[in-house]
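Here the structure is laid out as C-alpha coordinates; the discussion comes afterwards.
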Amino acid sequence: MTASQPPTTAAADLRAAGLRVTAARVALLETVRAGDHLGAEAVASQVRERVGHISVQAVYEALHALTAVGLIRRIEPAGSPARFEGRVGDNHHHAVCRSCGAVADVDCAVGHAPCLTASDNRGFAIDEAEVVYWGICSDCSTGRSS
(Lines give C-alpha, C1' and ligand atoms only; values in the text may rest on other atoms or scores of the structure.)
Protein backbone atom coordinates (compact mmCIF):
# COMPACT_ATOMS: atom_id res chain seq x y z
CA MET A 1 0.00 0.00 0.00
CA THR A 2 1.41 3.40 -0.96
CA ALA A 3 0.80 6.60 0.90
CA SER A 4 -1.18 9.15 -1.06
CA GLN A 5 0.35 12.54 -1.74
CA PRO A 6 -1.20 15.37 0.27
CA PRO A 7 -2.88 18.03 -1.86
CA THR A 8 -0.59 20.93 -2.68
CA THR A 9 -1.39 24.50 -1.81
CA ALA A 10 -1.65 27.30 -4.34
CA ALA A 11 1.48 28.90 -2.88
CA ALA A 12 3.45 25.65 -3.21
CA ASP A 13 2.23 25.21 -6.78
CA LEU A 14 3.27 28.76 -7.68
CA ARG A 15 6.73 28.18 -6.19
CA ALA A 16 7.10 24.84 -7.98
CA ALA A 17 6.22 26.55 -11.26
CA GLY A 18 8.91 29.19 -10.66
CA LEU A 19 6.44 32.03 -10.09
CA ARG A 20 6.65 34.61 -7.34
CA VAL A 21 4.10 33.98 -4.61
CA THR A 22 1.87 36.98 -3.91
CA ALA A 23 -1.45 37.24 -2.11
CA ALA A 24 -3.12 38.21 -5.40
CA ARG A 25 -1.69 35.22 -7.31
CA VAL A 26 -2.66 32.81 -4.55
CA ALA A 27 -6.19 34.25 -4.46
CA LEU A 28 -6.40 34.14 -8.26
CA LEU A 29 -5.25 30.51 -8.51
CA GLU A 30 -7.60 29.43 -5.72
CA THR A 31 -10.48 31.35 -7.35
CA VAL A 32 -9.96 29.71 -10.72
CA ARG A 33 -9.60 26.25 -9.15
CA ALA A 34 -12.81 26.70 -7.14
CA GLY A 35 -14.70 28.36 -9.99
CA ASP A 36 -16.66 27.03 -12.90
CA HIS A 37 -15.04 28.20 -16.15
CA LEU A 38 -14.80 31.80 -15.03
CA GLY A 39 -14.18 34.79 -17.27
CA ALA A 40 -11.45 37.29 -16.39
CA GLU A 41 -13.94 39.83 -15.02
CA ALA A 42 -15.48 37.25 -12.67
CA VAL A 43 -12.01 36.20 -11.54
CA ALA A 44 -11.08 39.85 -10.90
CA SER A 45 -14.25 40.46 -8.90
CA GLN A 46 -13.71 37.42 -6.68
CA VAL A 47 -10.02 38.18 -6.17
CA ARG A 48 -10.92 41.75 -5.13
CA GLU A 49 -13.28 40.35 -2.50
CA ARG A 50 -10.35 38.43 -1.02
CA VAL A 51 -7.38 40.78 -1.32
CA GLY A 52 -8.74 44.23 -2.07
CA HIS A 53 -7.86 46.26 -5.14
CA ILE A 54 -6.33 44.55 -8.14
CA SER A 55 -6.43 45.98 -11.64
CA VAL A 56 -7.99 44.08 -14.52
CA GLN A 57 -4.62 44.33 -16.30
CA ALA A 58 -2.90 42.62 -13.35
CA VAL A 59 -5.52 39.87 -13.44
CA TYR A 60 -4.97 39.32 -17.16
CA GLU A 61 -1.20 39.21 -16.67
CA ALA A 62 -1.51 36.70 -13.82
CA LEU A 63 -3.96 34.56 -15.80
CA HIS A 64 -1.50 34.54 -18.70
CA ALA A 65 1.41 33.57 -16.43
CA LEU A 66 -0.57 30.78 -14.72
CA THR A 67 -1.73 29.46 -18.10
CA ALA A 68 1.81 29.56 -19.51
CA VAL A 69 3.13 27.32 -16.71
CA GLY A 70 0.15 24.95 -16.87
CA LEU A 71 -1.44 25.72 -13.50
CA ILE A 72 -4.70 26.75 -15.15
CA ARG A 73 -6.25 26.24 -18.57
CA ARG A 74 -7.71 28.87 -20.89
CA ILE A 75 -10.62 27.89 -23.10
CA GLU A 76 -12.21 30.06 -25.76
CA PRO A 77 -15.61 28.84 -26.95
CA ALA A 78 -16.53 30.52 -30.24
CA GLY A 79 -18.38 33.79 -29.71
CA SER A 80 -17.50 33.89 -26.02
CA PRO A 81 -14.76 35.62 -24.04
CA ALA A 82 -11.93 33.45 -22.73
CA ARG A 83 -12.67 31.41 -19.65
CA PHE A 84 -10.31 29.83 -17.17
CA GLU A 85 -10.40 26.57 -15.26
CA GLY A 86 -8.26 24.73 -12.76
CA ARG A 87 -8.69 21.28 -14.29
CA VAL A 88 -5.44 20.71 -16.15
CA GLY A 89 -3.31 17.80 -17.25
CA ASP A 90 -6.02 15.58 -18.63
CA ASN A 91 -7.72 15.36 -21.98
CA HIS A 92 -11.19 16.55 -21.11
CA HIS A 93 -13.45 18.56 -23.37
CA HIS A 94 -16.34 20.99 -22.92
CA ALA A 95 -20.05 21.30 -23.61
CA VAL A 96 -21.33 24.83 -24.19
CA CYS A 97 -24.97 25.93 -24.01
CA ARG A 98 -26.04 27.91 -27.08
CA SER A 99 -28.66 29.73 -25.02
CA CYS A 100 -27.01 30.86 -21.77
CA GLY A 101 -23.33 30.14 -22.45
CA ALA A 102 -22.90 27.72 -19.54
CA VAL A 103 -19.81 25.51 -19.88
CA ALA A 104 -19.45 22.00 -18.47
CA ASP A 105 -16.55 19.55 -18.48
CA VAL A 106 -16.96 16.43 -20.59
CA ASP A 107 -14.55 13.55 -20.08
CA CYS A 108 -13.02 11.84 -23.09
CA ALA A 109 -15.50 9.21 -24.30
CA VAL A 110 -13.07 6.28 -24.28
CA GLY A 111 -11.19 7.33 -21.18
CA HIS A 112 -7.67 7.91 -22.49
CA ALA A 113 -6.82 10.52 -25.07
CA PRO A 114 -7.91 8.53 -28.15
CA CYS A 115 -8.66 11.75 -29.96
CA LEU A 116 -4.98 12.66 -29.96
CA THR A 117 -4.54 10.35 -32.93
CA ALA A 118 -5.60 12.33 -35.97
CA SER A 119 -6.52 10.47 -39.14
CA ASP A 120 -3.98 12.69 -40.93
CA ASN A 121 -1.70 14.82 -38.76
CA ARG A 122 -0.48 16.88 -41.75
CA GLY A 123 3.06 16.71 -40.35
CA PHE A 124 2.16 18.13 -36.93
CA ALA A 125 3.39 16.56 -33.70
CA ILE A 126 -0.04 16.70 -32.04
CA ASP A 127 0.00 16.82 -28.23
CA GLU A 128 -3.50 18.03 -27.41
CA ALA A 129 -7.00 17.87 -28.85
CA GLU A 130 -9.82 20.27 -28.05
CA VAL A 131 -13.40 19.24 -28.64
CA VAL A 132 -16.35 21.53 -27.94
CA TYR A 133 -19.84 20.08 -27.86
CA TRP A 134 -22.59 22.64 -28.50
CA GLY A 135 -26.21 22.28 -27.40
CA ILE A 136 -28.76 23.46 -24.86
CA CYS A 137 -28.12 22.89 -21.14
CA SER A 138 -30.74 21.25 -18.92
CA ASP A 139 -31.68 24.54 -17.23
CA CYS A 140 -32.42 26.21 -20.59
CA SER A 141 -34.18 23.18 -22.07
CA THR A 142 -36.60 23.06 -19.12
CA GLY A 143 -37.24 26.80 -19.19
CA ARG A 144 -35.17 27.75 -16.14
CA SER A 145 -32.59 30.48 -16.59
CA SER A 146 -29.05 30.24 -15.23
With a 1.4 angstrom probe the carbon and sulfur portion of accessible area for the chain, in percent, totals 52 percent
Relative contact order as a percentage, region 17-146, C-alpha pairs under 8 Å and 6+ apart, gives 20 percent
If R0 = 25 Å, then ALA78 and ALA42, at their Cβ-Cβ distance, give a FRET efficiency to the nearest 0.05 of 0.80
accessible surface per residue for the chain, probe 1.4 Å, DNA/RNA/ligands not counted, whole Å² -> 63 Å²
Treating only Lys and Arg (+1) and Asp and Glu (-1) as charged, each at its beta carbon, one finds that the chain has a dipole about its Cα centre, in Debye to the nearest 20, of 380 debye
One finds, for ALA68 and ASP127 with R0 = 22 angstrom and r their Cβ-Cβ distance, a FRET efficiency to the nearest 0.05 of 0.90
Here FRET efficiency (C-beta to C-beta, SER138 to ARG87, R₀ 30 Å, nearest 0.05) is 0.90
Once VAL106 and VAL21 are pulled to full extension, the length gained, defined as 0.36 nm per residue separation minus their Cα-Cα distance, is 27.4 nm
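The values are calculated or read from the model by the stated rules, or taken from the named source; none is laboratory data. Everything numeric in this text was worked out from a predicted model, so none of it was measured. Cβ atoms come from the backbone with ideal geometry, glycine included; neighbour counts cover every protein chain shown. Ligands, DNA and RNA are stripped out before the accessible areas are found, and what is left, the full protein with its side chains, is counted by its heavy atoms. Shrake-Rupley method; radii C 1.70, N 1.55, O 1.52, S 1.80 Å.
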